[in-house]
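Read the structure below first, then the notes.
The values are calculated or read from the model by the stated rules, or taken from the named source; none is laboratory data. Since we're looking at a predicted model, the values are computed, not measured. Heads up, the Cβs are rebuilt from the backbone with ideal geometry, glycines too, and the neighbour counts pull from every protein chain shown. Surface accessibility is based on the protein's heavy atoms, side chains included, excluding ligands, DNA and RNA. Shrake-Rupley method; radii C 1.70, N 1.55, O 1.52, S 1.80 Å.
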Amino acid sequence: MCPSYFFELSGEHKDMCSAEAKKCIEAETESFNIVSEGPGYIIASFEEDALSKISDRISLTHSIGRHLCSFDLSDMSCIDDIELPEGTFAIRGKRFEGRMKDVDSQDLIRKIGASLSRKNDVKLKNPDIEVQMIMSDRIHMFIKDHDIDRDVFETRKVGERPFFSPISLHPRYARALINLTGVKRGDTVLDPFCGTGGIVIEAAFMGMKPVASDFDENMIIGTQENMDYYGLDLKDSAVIDISDIQSVFGEVDAIATDPPYGRSTHTGGEDINSIYRRAMVAFNETLKNNGAAGVVLPHEISSDSMIRESVHIQRVHGSLSRYYHIFRKSI
């Protein structure tokens, strides 16, 4: 029987966090089961050797660890069945978005600690085992195995690159967009509106084969400069129109892209909606069967040729929302 793991989601753009976690699990495991999910978490069962691979690629999750138990205050009996590894322990409590305000968290930690201390000694500073308690729809206990290093994404945000534009996805969301397609490690990911290369940078860091194109030669030059800066390899690139991606690159496993939009967008005089329509046709021609395209736009769009699998909305500020579309090419 496979162990169960608790994913402490970051909370931002809630449905996108859980969707990304599920796609990461699916991409890195032979089989899995979603045991439970709720506000700020999912619990999934899968083989232990997939855990590091999942944690290495996920971006909208705080931490992942071995699930111990979940309970309501009316029945805390499952705590008595918890078996911790050998060593000292401490319990760290957290409320998801202020839930369970009427519950005294410190009193609850003391009660749980009293039960666990029958077999393990308590050590509040530098314990061998950190037991996490998340207060959400229920109370969830897990041992943290992996903290997701969200600070590393800050080192790759647009202003830290040698070539950049202020209009670019944060690396955390560029990575989430790729993950939402369900693409596997080693597969080819194409960004046909590559801009300054933020998406292909994340694809390369995740062990995928990044391919970039843009109709602006300066963007291809800048993307290569950024890839070189991080010591990453760009599998292929070209200065081409969006309609030519299939003839130049052939079939790809996934497309992840943040096409141009806004007043400052350079389109060569073509109406922006015309570019979007041509792009959707080109995506369908270029994707392998069952491949997915992740497309970020400031409004919802549909496709006549691909299945729209999901749309996730990111509120940026009062006048801008980003819509993360996932389209899948049917077999």
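Go through 196-209, 297-310, 49-62 and give me the packing order, highest mean Cβ count within 10 Å leading.
Highest to lowest by the protection proxy: 196-209, 49-62, 297-310.
Dipole size in debye (nearest 20) for the chain around its Cα centre, Lys and Arg Cβ +1, Asp and Glu Cβ -1?
720 debye
Per residue, how much accessible area does the chain have with a 1.4 Å probe, in Å²?
Per residue, the chain has 46 Å² of solvent-accessible surface.
If you take all C-alpha pairs in segment 228-331, what percent of them are over 23 Å apart?
Tail of the P(r) past 23 Å holds 33 percent of the pairs.
Can you tell me the Rg and Dmax of segment 205-277, counting just the alpha carbons, in angstroms?
13.3, 37
Reachable lysines from LYS14, Cα under 17 Å, same-chain residues fewer than 8 places away excluded?
Within the straight-line cut-off, LYS14 pairs with LYS22, LYS23.
Can you tell me what the convex hull of the Cα atoms of segment 173-217 projects to on average, as an area in nm²?
2.8 nm²
If you find the alpha carbon centre of segment 201-235 and of segment 301-325, how far apart are they in angstrom?
Here the two parts' Cα centres lie 24 Å apart.
Cross-link candidates for LYS119: which lysines have Cα within less than 22 Å, leaving aside residues fewer than 8 places away along the same chain?
LYS111, LYS144
May I ask you to compute the full-extension gain from ARG315 to ASP121, defined as 0.36 nm times their residue separation minus their alpha-carbon distance, rounded to one decimal in nm?
Additional length available on full extension: 65.3 nm.
With Kirkwood's inverse mean 1/r over C-alpha pairs for Rh, give me the Rg to Rh ratio of the chain, two decimals please.
Ratio value, two decimals: 1.04.
May I ask you to give the percent of accessible area on segment 103-224 that is carbon plus sulfur, with a probe radius of 1.4 Å?
C and S fraction of accessible area: 49 percent.
Among the GluC sites (Glu not before Pro) in segment 1-87, which ones are in a DSSP loop with at most 11 other Cβ atoms within 10 Å of the Cβ? Mind listing them?
GLU30, GLU83, GLU86
Starting from the Cα of ASN273, step 7 Å toward the Cβ, then list every residue of segment 289-319 with an amide N under 19 Å from that point.
Under cut-off, by backbone N: 296-305.
In Å, what is the Rg of the alpha-carbon atoms in segment 146-275, and how long is Dmax?
Calculated on Cα positions, Rg and Dmax stand at 14.1, 49 Å.
Taking all pairs of distinct Cα atoms, average 1/r, flip it, and tell me the Kirkwood hydrodynamic radius of segment 1-53 in Å to one decimal place.
Result for segment 1-53 stands at 11.1 Å.
Report the residue, chosen from ASP137, ASP241, ASP102, that carries the largest GNM mean-square fluctuation when the chain is represented by alpha-carbon nodes joined by springs under 10 Å.
Most flexible of the set in this elastic network: ASP102.
If you fit an axis through the alpha-carbon atoms of helix 105-116 and take the longest principal axis of the Cα set of the chain, what angle between them do you get, 0 to 90°, nearest 10?
The answer is roughly 70 degrees.
Could you tell me, in Å, what Rg and Dmax come out for the Cα atoms of segment 40-187?
Looking at segment 40-187, its Cα Rg and Dmax stand at 18.6, 58 Å.
Roughly speaking, what is the stretch gain from ASP75 to TYR323, that is 0.36 nm per residue apart minus the C-alpha to C-alpha distance, in nm to one decimal?
85.1 nm
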